[in-house]
Structure formats: C-alpha cells, structure tokens
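Since the structure comes first, as structure tokens, the remarks are kept for the end.
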Amino acid sequence: MKNEVIRLDNITKDFHMGTITVNALRGVSLTINKNEYVALMGPSGSGKSTLMNIIGCLDTPSSGHYYINGQDVSNIGDEELAAIRNKEIGFIFQSFNLLSRQTALENVMLPQIYAGIPKQERQKNAVNVLDKVGLSDRMEHKPSELSGGQKQRVATARALINNPSLILADEPTGALDTKTSLEIMQLIEEIHKAGNTIVIVTHEEDIAAHAHRIIRLVDGKVVSDELRMES
C-alpha cells in the first residue's frame, strides 16, 4: 500500500536462556501509515520494548516479516540494518543518549556524519533543526550545560535531521518533570503536524493520550488497536 511506512506480518521473537525459551512476541501483525501518531503500550514484560527494537531495526524477528517503506528488513545483515536505521528512523530516548563532550550542534550532526553528508551541509541542516525545536541559542552548549528538557530537544533535533520516515520515541518524557514533559509532548505534536509519522512507546496513559491511535500489548500479543478522535 502506497501510504504504508511499516508493516509487520506475523512477527515472533524468542529469547533462549539456557534451556528456557521466552516467547517475547507471539504473531504480531500491524500496519502504520504515513503521518500516523501511534502509542505502543503494555505492562512490563508485554513485549513492547522487543517490538520497539524490531520496528527500530535494532533487532530482527525470529519469524515473520517486517517491511519498512516496502523493503523487507526481517533477515538482512547488521551493516545493512544500521544503514536503514540511520536513513529511515529517528530515535528519541528517555535517557537522551547525547555525547557528553560534544556540543548540541555536534550531537545533532552525528547521523549525517554516518550518512556521509559534507560538513558544511550537515552543519547548516543541524542549525535549521535546532532552530525548529527552539534551541538556536544553545547550539554551542554541551549536555552538562543544558536542562533535561533542552537535552530532549537536542535529541529530538537529532532524530529529525535525516528527514526519516519514522520518529520512534521510547518513553521520551520518562526523565522529565510534569511541566517539561508537556512541553516535549507539544513539540512531538508539532512534528506530527508537520507530516512526520510518530510511534511513541510508553506505559503512561496521559502520554499515550497525545497519540491518535493506541496499540496495546499483553504477553507478546496485540490485544487492542484503538483509533482515538483527534481533539
């Protein structure tokens, strides 16, 4: 389908620990289309983190097929997977994952270094996305000189710089206070309104409420897939 960004067909993921096999995902099938805003929810042990790792091309399924923009990435090698991850997916993590010795500008430029973009172009692109997230006055600051909310804005700018098909946010407000959490969720909403496809992984109902579709997992299976009315 033309508008499909991701499609999972009967995905399973098993982890082997000695003689014990843990079935983390048990036949998950779902489709996410361009410009959807989806929350992936579930209790601890539900399989949502495993599913996020597969959607984010950080891991591969034990069986089934995963397509991103029509390309089957279920069984490709680590190098190819890393290239697809860098090109197609922008990550926003709870712990920010910023390099402490690099400035905000340098942190945001990183994905474009891996993509082989010339220095002058990647610097210009990084300035533009930092301006979009409201941090044009903090570009030369290192993470230790930034607040939690500012760090997450840097991480968000880094996620946007390669113009990815999908923004994948893993508990993006988990390390932030309530006021800052709301600011970051408003920023993610603006990114969605600009045309980006968003998948947010969270265990918090109030954070999931920002999304327009909520997919719930229990024991490695999708138990509900609910479209919400946009406010």
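The values are calculated or read from the model by the stated rules, or taken from the named source; none is laboratory data. The structure displayed is predicted, hence computed values, not measured ones. Cβ: placed from backbone, ideal geometry, glycine included. Neighbour counts: every protein chain shown. The area values use the complete protein model at the heavy-atom level, side chains included, leaving out ligands, DNA and RNA. Shrake-Rupley method; radii C 1.70, N 1.55, O 1.52, S 1.80 Å.
A few remarks follow.
- Qualifying GluC sites (Glu not before Pro) for the stretch 121-205 [loop in DSSP, other Cβ within 10 Å: at most 11]: Glu140
- Neighbour-limited loop hits for trypsin sites (Lys or Arg not before Pro), the stretch 116-194 (at most 15 other Cβ within 10 Å; DSSP other than H, G, I, E, B): none
- Orientation-averaged projected area, Cα convex hull of the chain (nm²): 13.3
- For the stretch 2-46 and the stretch 98-156, distance of Cα centres in Å: 31
- Among the listed pairs Lys87/Lys142; Lys34/Lys132; Lys34/Lys124; Lys48/Lys124, those with a Cα-Cα distance over 31 Å are Lys48/Lys124.
- Net charge of the neighbourhood of Phe91, taken over other residues with C-beta under 15 Å away and scored Lys/Arg +1, Asp/Glu -1, is +1.
- Counting only DSSP beta bridges whose two residues both lie in the chain, roughly 55 percent are antiparallel.
- For the options Pro118, Pro143, Pro172, a Gaussian network treatment of the chain with springs between C-alpha atoms closer than 10 Å singles out Pro118 as fluctuating the most.
- Highest-fluctuation residue, Leu81, Leu40, Leu166 considered, GNM on the chain with Cα pairs under 10 Å: Leu81
- With the simple spin-label model, which puts each label point 7 Å out from Cα in the Cβ direction, the Leu99 to Gln120 separation comes to 2.3 nm.
- Whole-percent carbon and sulfur share, accessible surface of the stretch 152-231, 1.4 Å: 49
- Average accessible surface area per residue within the stretch 79-231, 1.4 Å rolling probe, Å²: 51
- Using a Förster distance of 35 Å, the FRET efficiency for Asp177-Leu58 (Cβ separation, nearest 0.05): 0.80
- Relative counts (whole %) of C-alpha pair distances in the stretch 91-214, using bins that are 5 Å wide: 2, 12, 24, 24, 21, 11, 5, 2, 0
- About the centre of its Cα atoms, the stretch 115-231 shows a dipole size close to 540 debye [charges on the beta carbon of Lys, Arg (+1) and Asp, Glu (-1) only; nearest 20 debye].
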